[in-house]
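Please treat every number below as a calculation from the coordinates, not as lab data. Bear in mind the structure is a predicted one, so any value in this text is a computation, not a measurement.
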Amino acid sequence: MKAIVTVVGKDQVGIIAGVCNTLADNRINVLDISQTILEQGYFTMVLLVDISACTVSFPEIADKLDAYGTERGLAVRIQREDIFNAMHRI
């Protein structure tokens with residue numbers, strides 16, 4: 001099963017490493033990643049991840065990512081791919 005992780009916040013050292021370490025610690029594989037720095041120092045990142053081998057439940061990984069984001073002043077969210085696609089269909 002795949003999911004989409006989004007990260008938004010002020011740019012700072014270690015964002016990619018921190019998010020990816022949180023995912024790796026729970027056996028979530030990053031399949032694709034896109035990141036950019038917007039004007040005025042805003043960092044944005046979108047990751048496509050494989051959660052089929054995840055060692056915790058989906059709500060638990062969502063809570064872990066949210067906690068990491070809160071600690072760093074970032075918004076870090078995860079959505080199942082099918083729900084993400086349904087919400088962003090035109």
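Structural remarks
- Ellipsoid equivalent to the stretch 21-74 - semi-axes via the Cα gyration tensor, in Å: 23, 15, 7
- Spatial extent of the chain: Rg and Dmax, with the Cα atoms as the point set, Å: 12.6, 38
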